Amino acid sequence: MPIYEYRCMDCRKKFDLLRPMSQSTEPAECPTCKGQARRIASTFMAKGSGGQSIGGGGGCSSCSSSSCGSCH
Ligand SMILES: [Zn+2]
């Protein structure tokens, strides 16, 4: 289960919460003041959506094409 970071809207305290991915966007309860906390965008998400550029260049290591559309 992934860990998400939340910040309380009332006391502004940050805390981590282990939740299923399906509940990640739902408001959480602050453990300090029982106020409502909102999820903070994690640094994991900030890395960008392009997670398949490990090999660098256009294609991947198993093909020589630049689009790499047929080998995945
Ligand atoms: Zn709070």
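The values are calculated or read from the model by the stated rules, or taken from the named source; none is laboratory data. Treat the numbers as computed from the prediction; the structure is a model and nothing was measured. Every residue, glycine as well, gets a Cβ built from its backbone with ideal geometry; the counts of neighbours run over all protein chains shown. Surface areas here come from the heavy atoms of the whole protein model, side chains and all, with no ligands, DNA or RNA. Shrake-Rupley method; radii C 1.70, N 1.55, O 1.52, S 1.80 Å.
Spin-label model, residue 38/residue 5: points 7 Å from Cα along the beta carbon direction are separated by 1.6 nm. Spacing of the modelled spin labels on residue 16 and residue 29, each 7 Å from Cα toward Cβ, amounts to 2.2 nm. In this structure the amide hydrogen of residue 9, modeled in the peptide plane, comes within under 5 Å of the amide hydrogens of 36, 37, 38, none closer than 5 places in sequence on its chain.
The H on the amide N of residue 19, modeled in the peptide plane, is under 5 Å from the matching H of 4, each at least 5 residues off or on a different chain.
Projected over every direction and averaged, the convex hull enclosing the alpha-carbon atoms of the stretch 3-44 yields 2.7 nm². Measuring nothing but protein heavy atoms, the accessible surface of the stretch 3-44 at 1.4 Å probe radius is 51 percent carbon and sulfur.
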